[in-house]
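Peer 1: A single structure is presented below for examination.
The values are calculated or read from the model by the stated rules, or taken from the named source; none is laboratory data. No experiment lies behind these values; they were computed from the predicted model shown. Cβ placement follows ideal geometry from the backbone for every residue including glycine, while neighbour counts extend to all protein chains displayed.
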Amino acid sequence: MCDSEDGPIEYPIDGTLDLHTFKPADVKELVKDYIESCLEKGVYRIRIIHGKGTGTLRRIVQSALDKHPAVAEYRHEEGSGGGWGATVVDLRRE
């Protein structure tokens, strides 16, 4: 869930997080919260769509992933799935 000007917005926890509609300032906390929600739902592979652009969102996402203890590894998505525009994250199972 995240906040907007109209109040909280429920975001689906299905393993795909598209950051195109979020402000860069909100991304670090959003990624952390999304990881926690995925773990609660038993989702252990996440696809984070940050876009190619200037790389700012990608760097913010990777910084958040580097600091999260549940992240086993992450990589750029291969092939037609987004390449540099998306990151695939594998989470540790407890």
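Peer 1: Looking at (1) assigned to a loop (DSSP other than H, G, I, E, B); (2) in contact with a helix residue (DSSP H, G or I) (Cβ under 6 Å, 6 or more places away or on another chain); (3) modelled with pLDDT of 90 or more, which one does Lys52 not meet, given that it meets all the others?
Peer 2: Here Lys52 clears every test but (3).
Peer 1: Related question: May I ask you to verify whether Leu57 is touching a Pro at 6+ places or on another chain (Cβ under 8 Å), farther than 23 Å from Glu94 by Cβ and either at pLDDT below 90 or not basic (Lys, Arg) (or both)?
Peer 2: When the stated conditions are applied, Leu57 passes them.
Peer 1: Among the residues of segment 40-49, what is the count of those that are of a type in the set (Lys, Arg) and either within 16 Å of Phe22 (Cβ to Cβ) or assigned to a loop (DSSP other than H, G, I, E, B) (or both)?
Peer 2: Here the count works out to 1.
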